[in-house]
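Remarks on the structure that follows.
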Amino acid sequence: MRARAQRWLSRPLRAGAAVVALTVLAVPAIGAAWSKSHERVTALLELLNAHPFTTGLVAAWAAFACLQTHRRRAERQHAASWLASVPVERHAVLAFLRWRAAVLFIPPGAMMAAILALLGWAAGRNVRLPCLLLGLGFAAGAIAGWRSGARASADAAATLPRLRDRARTPTSAAGFDALRRWPFAQLLASVNPRQHARIVAAVLLTMPMGIALSVAVPLLLLLATGLGAAALLQALLATIPRAADHLRCTPLPPTRLIALLSGRVLACQAVAAAFAALLGRILGASNGAALTGAVAWLLWVGFAILCAFAARYRPAPLRAELIVFSIVLLALAAVAPRLLLLALPAIAGWQGRRAWRA
């Protein structure tokens, strides 16, 4: 009985300890960031007060794109699962999907409004109208996106027979080198060009009217590069557990699996980081800032891949682990950047041991 009680209390205690630890790390990080960027935050709040309706429009656009994509993906997943054959009424399924979407998207929207209100209170600015329009725009965009995503978009048209025959493998002797193309195939299967187009349109709406073409074009190229790099990383993180499950019984060493799946992706990420650093330099960033941003992204890509291989046989908590590690690393970068030289190798070594034992 005592052991059962201890097991029952272990999870809430661990969750509470994690929340307390993240709060202790986040508070000094926010304080340090506030002390270093007080003038920039004040200028941002003045810009939001000058354009409150643009803030609401961007929030509505982002909520519309996210909820529409989420409902379409959720309905496809339900239609492809064994639950689709269960005699459950459609309104019950929609109620569950609606509740899950609310749990996923309402807390980030409320957090954005709370952060904006907290920044306004700390800077002594009145941000009631931007907060109100942000909440109204988010709610309106979420409702419209949910209703618009009721009908799933049609699948992409099949390729031409000539192209399909060229890509077809006539025999089973393809070899393990075909794993190099798996993340890119996953990227093509999961990418949503409409959502990316909406993000670019929202950025275009937020640009001032008199912006120079020499600034707008590199900014849009930087945004497109970031979206492509993030989508490729997400595709690789989704591919790693599937490849591990399919290849569990094959005589493929872990180092070979890591090299096959992530080698070409890392090369593409390096090219994207170098191009983003070049665009940042064109936009006026210093050489140190552009190089630091590119190196930080490559380090995060490598760390995320290592975490994915460590959790390849239980990929469900991977997203939570990456969020926790990102908060910890950002807190250390804001409070004590030198500690990153000790913390990052230690966490990476721990994840490497987990990946090898898995």
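The values are calculated or read from the model by the stated rules, or taken from the named source; none is laboratory data. All figures in this text were calculated on a predicted structure; none of them were measured in a lab. Cβ sites come from the backbone with ideal geometry, for glycine too, and all protein chains shown count toward neighbours.
What about Ala229, is it closer than 30 Å to Ala60 by Cβ, surrounded by 15 or more Cβ atoms within 10 Å (Cβ to Cβ) and either of a type in the set (Gly, Ala, Ser) or at pLDDT below 85 (or both)?
When the stated conditions are applied, Ala229 passes them.
Determine, yes or no, whether Phe303 is in the same structural domain as Leu219 (by TED's automatic domain parsing), buried (at least 16 other Cβ atoms within 10 Å of the Cβ) and more than 12 Å from Pro241 (Cα to Cα). Can you show your working first?
Details: in the same structural domain as Leu219 (by TED's automatic domain parsing): yes; buried (at least 16 other Cβ atoms within 10 Å of the Cβ): yes; more than 12 Å from Pro241 (Cα to Cα): yes.
So Phe303 fits the description; yes.
Within region 275-296, how many residues turn out to be surrounded by fewer than 14 Cβ atoms within 10 Å (Cβ to Cβ) and closer than 12 Å to Gly226 by Cα?
Within region 275-296, residues that are surrounded by fewer than 14 Cβ atoms within 10 Å (Cβ to Cβ) and closer than 12 Å to Gly226 by Cα number 0.
Using the structure shown, decide if Val328 is assigned by TED's automatic domain parsing to the domain that holds Ser214, in contact (Cβ under 8 Å) with a residue 60 or more places away in the chain and either assigned to a helix (DSSP H, G or I) or not acidic (Asp, Glu) (or both). So that I can check it myself, show each step before the final result.
On the way: assigned by TED's automatic domain parsing to the domain that holds Ser214: yes; in contact (Cβ under 8 Å) with a residue 60 or more places away in the chain: yes; either assigned to a helix (DSSP H, G or I) or not acidic (Asp, Glu) (or both): yes.
Against the criterion (assigned by TED's automatic domain parsing to the domain that holds Ser214, in contact (Cβ under 8 Å) with a residue 60 or more places away in the chain and either assigned to a helix (DSSP H, G or I) or not acidic (Asp, Glu) (or both)), Val328 qualifies.
If we scan region 70-84, do we find a residue that is modelled with pLDDT of 80 or more and among the aliphatic types (A, V, I, L, M)?
Within region 70-84 (the criterion being modelled with pLDDT of 80 or more and among the aliphatic types (A, V, I, L, M)), the answer is yes, since at least one residue qualifies.
From the list Ala336, Ala331, which one is crowded, with 19+ Cβ neighbours inside 10 Å and over 20 Å from Gln234 (Cα atoms)?
That would be Ala331, the only listed residue that is crowded, with 19+ Cβ neighbours inside 10 Å and over 20 Å from Gln234 (Cα atoms).
Please specify each residue of region 112-131 satisfying the condition of being closer than 19 Å to Thr54 by Cα, free of Cβ contacts under 8 Å to residues at least 40 places away in the same chain and exposed (fewer than 14 other Cβ atoms within 10 Å of the Cβ).
Ala114, Ile115, Arg128
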